Each structure stands twice: as C-alpha cells, then as structure tokens.
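Visitor: Here it is, the structure in full.
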Amino acid sequence: MQVVLFEDERVDDLCPASLMQPAMALRTAGLNALQLVGRLGWPMHYVVRDYLQELTRLELGDTALDEGPHLFVNARLVPRLSYVDRLRELGEQGRAAVWTAGDDVCAALVPQGVRLPEPLTPANCAQALMQSGPPDEQAHLQLLRYPHDLVRLHMEAFSENLEALVRLQTYGTPADGVYVNGAVSIAQSAVLDPANGPIVLEDGARIGEFAYVSGPAHVGRNSRLIDHAAIKDGVALAPVCKVGGEVECSSFMPYSNKQHHGFIGHAFIGSWVNMGAGTSNSDLKNTYGNVRVEHRGERIETGMQFLGCVVGDYSKTAINTSIFTGKIIGCASMIYGFVTRNVPSFCNWARSLGEVTECPPEVAAAAQKRMFARRGVEQTDAHVRLLRRAFELTRAERLISSEPPQL
C-alpha cells in the first residue's frame, strides 16, 4: 500500500496560507495532513503544484509512484486524529472506493493495476479519482476550503485531537491534565490550568516566569512561552516558536515569533512570521455580528463571530501594528500602522500612512537568509527560487485600486 497525498484544483483557494508550502503542511487543530497520514505507517508519494515540487522533495523526500494499490488522500483534509482508523479501513478494504464531500474527493482507494494519468498533477488527479470508483458521501470527512477554515476548524477539532493524542502517545504527567514529552522547562511561577482541556508540552518546550497557560494548549518541540505570556483556550504552537503577550485560540506554524505584548486571537500565523511589539488583531466586530471576509474577489460569509487574521509565511509586522477583524495578509510583506483591508504578498504596507510599495524578491531572500542563519537553517537555491516564483504568481495582487505599486 502506498499513500498519495494530492493537491487538487482548489488548493489555491487556501492562499496565502498555501502559497509557499503544500496544503498538507498547513497545521490546524495542532496537526497537519502529513502528520495525520504518516500515522498509517505506509510509504508516501506527493502530488503538489509544479513550483513546490523541488522544495517538497528537499524537505520531505519522496517515493516514486509504485504499481499500487494506492490510498489517495486530499492534502486539504482536516487533520482529525479520528480519521486515521477510517483511512486505514479504506486502504485495507481492497476494492475501489471514492470518498467525496460534494464535488471534492476527500480520499480514494485505487486497486493495483488501475491506470492513472502520467504525470499526476493537481489539475488532473481529482478528476481521475472520480472515474476510478463509485462516489460515496457517507464518509463525512472535512476539507479545508478557505483561509479562515484554518481557524474555524481549529476551533472545532483541537480539543478532540489533544485528547486523542494523549491516549495514543506516551507522555509524562507532572500534574493532572498536563502532559510532557521529553525534557521541558516550566518556571516555578508559571500557572498551567487544564480545567478546559489538556496542556501538552513537547520535547524542549519552555514556559517562562509568571506565564499563564489555559488548556487546551499544545506547545511544540523547542518552542518557548515568554515570561508573563497569557496563553488562553485553544493555542497551538508548532516547533521552534517564541510567543509572548496574550494569545487566544490561534495556530502558529514553525519558526514564527510573537515575543512581546499585544493580542492575537482566533488567528492563523504562517511560518517565519515575526510580530513586532504591540501588534494586535481584532477578532470580534463591534456589532457582535458574524465576520465576512474578502478573498480572491469573493465576499464570503464565514459564519464565525470570532475571526482575527490569517498571516502568510515570511510576513513581518512593525511595532503597534493594528489588524482589523478578519483580514488576510499575504506572504513576505512588511506591515506598518493600521490594516483595514487585506494585504497582498510582497508589499511594504503602510497604507494608513499613505504609502504602499512593492517588496522585491531579492529583499525577501536577503531577509530569509538572515532569519535562517539565526535558527541554524540553511538557505538553499530552492528556497530562493520559490520566493521568486511566489512573487511572480502574486504580481496581480499588488495592483491596489487600479493603482500600480511604487517601485
């Protein structure tokens, strides 16, 4: 059995979160689809957009597509741990099946000998699977569709995932409701409150003096909560993050920092993001109504009363940046002042101060090299090529109100 994690034609609807990394890497509810499917223990092959293939192979490796059978899993699958056994049953049943949600393919079993398109791409994979077996909507699997789903479905699935995680893995329990994996550091003055859900600390996690952590919470490997941090109800930190101030019901991707005071709530923060002191987002409208978002020319009713921001990889905020409710910030942008509308990728954004300019990929690559060096990560030519391609892919975004950016 070989698992094929595949992107489909709707993966771009998750941009900017999915602009610079495959959808299977996006973390919500404390996990991503790659980690979820990895629990099956079967070799994996990846079908991703062409410009992500080089870095995907570099970071994840890959096995060639074999003769099958194949268990196809959509890279946009919500990573609920409860799905693992269901996917295993699908893989072991031996007969062709296609699990769908509307007109999306969630997962499919393709028996050995079934001919597939060559090469498999996000443009042809789902269509080929639809033709490989009878569709079945009774599996009731969920897929991510829009960026705000990374927050919405985190809110729905996080507690369930943490409770499953502490059953499936061996953790130490220094206190009721607190679970540790490996060597962690918890300051004597820190307060950990698991009354509303488990608090899970991975190897190398550090909790600073007078920090407050309310469960459910997940602090990833080598991540740090700064002194006096207030971590409330549903925060998931990926590995190697540094977080301080007040954070509520939010996911941070790897290598992101919010060290200082300020509030981030009901948000998704991409990788290699840095938030300056005083950066805050609003996550509730003054009217207490549901939040609408503007995304790719579409106005979307989220059905969410609480929604902060979605921030793409490599973006940075200056001191005292204020982000309005439900705003989406692209990748590799520098943010200043008030964010009252969505921010394109590769911008120096100071619209409230009367200036928006383009941030060339050479500038982004130089900043990336400095950031990587601080964390002991090597910048490769593949990283630089990805930045340049992402810049070209998002060029149209930077035409604001029919006015070209200043160069």
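Visitor: May I ask you to list the residues in the range 17-49 that are assigned to a loop (DSSP other than H, G, I, E, B) and touching a Pro at 6+ places or on another chain (Cβ under 7 Å)?
Guide: Ala17, Ala29, Asn32, Val48, Arg49
Visitor: Could I ask something else about it? Are there any pairs with C-beta distances below 8 angstrom linking a residue in the range 391-407 that is surrounded by fewer than 13 Cβ atoms within 10 Å (Cβ to Cβ) to a residue that is at pLDDT 60 or above and not in a helix (DSSP H, G or I), with the two at least 6 apart or on different chains, and if so which?
Guide: Gln406/Glu355; Gln406/Val356; Gln406/Thr357; Gln406/Glu358; Leu407/Thr357; Leu407/Glu358
Visitor: Residues in the range 176-193: is at least one in contact with a helix residue (DSSP H, G or I) (Cβ under 7 Å, 6 or more places away or on another chain) and not aliphatic (A, V, I, L, M)?
Guide: yes
Visitor: Would you be able to say whether some residue in the range 149-159 is buried (at least 17 other Cβ atoms within 10 Å of the Cβ) and assigned to a loop (DSSP other than H, G, I, E, B)? Show your work before the answer.
Guide: Narrowing the range 149-159 to residues buried (at least 17 other Cβ atoms within 10 Å of the Cβ): 149-155, 157-159.
Keeping just the survivors that are assigned to a loop (DSSP other than H, G, I, E, B) gives none.
Scanning the range 149-159 turns up no residue that is buried (at least 17 other Cβ atoms within 10 Å of the Cβ) and assigned to a loop (DSSP other than H, G, I, E, B).
Visitor: Mind listing just one residue for me: the one in the range 347-360 that is under 16 Å from Val273 (Cα atoms) and of a type outside the set (Phe, Trp, Tyr) and, of those, surrounded by the fewest Cβ atoms within 10 Å (Cβ to Cβ)?
Guide: So, considering only residues that are under 16 Å from Val273 (Cα atoms) and of a type outside the set (Phe, Trp, Tyr), the one surrounded by the fewest Cβ atoms within 10 Å (Cβ to Cβ) is Asn348.
One line per residue, one yes/no per condition, for (1) modelled with pLDDT of 95 or more; (2) in a helix (DSSP H, G or I); (3) in the same structural domain as Glu59 (by TED's automatic domain parsing); (4) within 27 Å of Ala277 (Cα to Cα):
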{"residue": "Ser345", "(1), (2), (3), (4)": "yes, no, no, yes"}
{"residue": "Ala367", "(1), (2), (3), (4)": "yes, yes, no, yes"}
{"residue": "Ala382", "(1), (2), (3), (4)": "yes, yes, no, no"}
{"residue": "Ala390", "(1), (2), (3), (4)": "yes, yes, no, no"}
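Visitor: Name the one entry in Leu52, Leu34, Leu87 that is outside the structural domain of Gly326 (by TED's automatic domain parsing), of a type in the set (A, V, I, L, M, F, W, C), in contact with a helix residue (DSSP H, G or I) (Cβ under 6 Å, 6 or more places away or on another chain) and at pLDDT 95 or above.
Guide: Only one candidate passes the filter, namely Leu34.
Visitor: On to the next question. If you check every pair at least six apart or on different chains, which have Cβ atoms under 8 Å apart with a residue in the range 154-173 that is closer than 11 Å to Val78 by Cβ and outside the structural domain of Ala29 (by TED's automatic domain parsing) first and a residue that is assigned to a helix (DSSP H, G or I) and of a type in the set (A, V, I, L, M, F, W, C) second?
Guide: Within 8 Å, no pair qualifies.
Visitor: Now for a different question. Which of the residues spanning the range 65-84 are within 17 Å of Leu116 (Cα to Cα) and touching a strand residue (DSSP E or B) at 6+ places or on another chain (Cβ under 7 Å)?
Guide: Result: Leu65, Asp66, Gly68, Pro69, His70, Leu71, Phe72, Val73, Asn74.
Visitor: Find the residue count for the range 289-324, including only residues that are of a type in the set (Asp, Glu) and either in contact (Cβ under 8 Å) with a residue 12 or more places away in the chain or assigned to a loop (DSSP other than H, G, I, E, B) (or both).
Guide: So the count comes out to 2.
Visitor: Here's another thing I want to ask about it. Among the residues of the range 325-334, which ones are surrounded by fewer than 24 Cβ atoms within 10 Å (Cβ to Cβ) and either within 20 Å of Val363 (Cβ to Cβ) or charged (D, E, K, R) (or both)? Lay out the reasoning, then the answer.
Guide: Within the range 325-334, the subset surrounded by fewer than 24 Cβ atoms within 10 Å (Cβ to Cβ) is 325, 327, 334.
Scanning the range 325-334 gives Lys327, Met334.
Visitor: Just for strands (runs of 3 or more DSSP E) wholly inside the range 193-285: which have at least 2 residues that are buried (at least 22 other Cβ atoms within 10 Å of the Cβ) and not small (Gly, Ala, Ser)?
Guide: 199-201, 217-219, 235-237
Here is a yes/no grid of residues against (1) closer than 30 Å to Asp104 by Cβ; (2) modelled with pLDDT under 95; (3) under 25 Å from the mean Cα position of the chain (by Cα); (4) of a type in the set (Gly, Ala, Ser):
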position: Pro122; (1), (2), (3), (4): yes, no, yes, no
position: Arg145; (1), (2), (3), (4): yes, no, yes, no
position: Ala164; (1), (2), (3), (4): yes, no, yes, yes
position: Ala187; (1), (2), (3), (4): no, no, no, yes
position: Asp203; (1), (2), (3), (4): no, no, yes, no
position: Phe210; (1), (2), (3), (4): no, no, no, no
position: Ala217; (1), (2), (3), (4): no, no, yes, yes
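Visitor: While we're looking at this one, here's another question. Based on this model, can you work out whether Ala29 counts as within 12 Å of the chain's Cα centre (by Cα), of a type in the set (A, V, I, L, M), on the phi > 0 side of the Ramachandran plot and at pLDDT 95 or above?
Guide: Here the answer is yes, as Ala29 does meet what is asked.
The values are calculated or read from the model by the stated rules, or taken from the named source; none is laboratory data. Since we're looking at a predicted model, the values are computed, not measured. Every residue, glycine as well, gets a Cβ built from its backbone with ideal geometry; the counts of neighbours run over all protein chains shown.
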